[in-house]
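Notes for the one structure printed next.
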């Protein structure tokens, strides 16, 4: 139940980015950027990051595989 970071950020193609950092919840919750109050499912920022994030109590929507 915490905000996790991934540095360097690894994109969907497996490419690492030393200039980026990813923030996300380890418990399927939204995260909130403290400085702005904006909520995200995950956030990718320039490293070093000037923002801080906290986990909210709001669950992310469940992923469904509808065809």
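The values are calculated or read from the model by the stated rules, or taken from the named source; none is laboratory data. The structure presented is a predicted model; accordingly, all values stated were derived computationally and were not measured. All Cβ positions, even for glycine, are placed from backbone atoms using ideal geometry, and neighbour counts span all protein chains on display.
Some points to look at:
- When residue 26 is tested against (1) surrounded by fewer than 16 Cβ atoms within 10 Å (Cβ to Cβ); (2) touching a strand residue (DSSP E or B) at 6+ places or on another chain (Cβ under 7 Å); (3) over 19 Å from residue 62 (Cα atoms), exactly one condition is not met: (3).
A quick yes/no check of all residues on (1) without any contact (Cβ under 8 Å) to a residue 60 or more places away in the chain; (2) touching a helix residue (DSSP H, G or I) at 6+ places or on another chain (Cβ under 8 Å); (3) surrounded by 11 or more Cβ atoms within 10 Å (Cβ to Cβ); (4) not in a strand (DSSP E or B):
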residue: 12; (1), (2), (3), (4): yes, no, no, yes
residue: 22; (1), (2), (3), (4): yes, no, yes, no
residue: 32; (1), (2), (3), (4): yes, no, yes, no
residue: 49; (1), (2), (3), (4): yes, no, yes, yes
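- Residue that is modelled with the highest pLDDT [pool: residues in region 53-67 that are surrounded by fewer than 12 Cβ atoms within 10 Å (Cβ to Cβ) and not in a strand (DSSP E or B)]: 61
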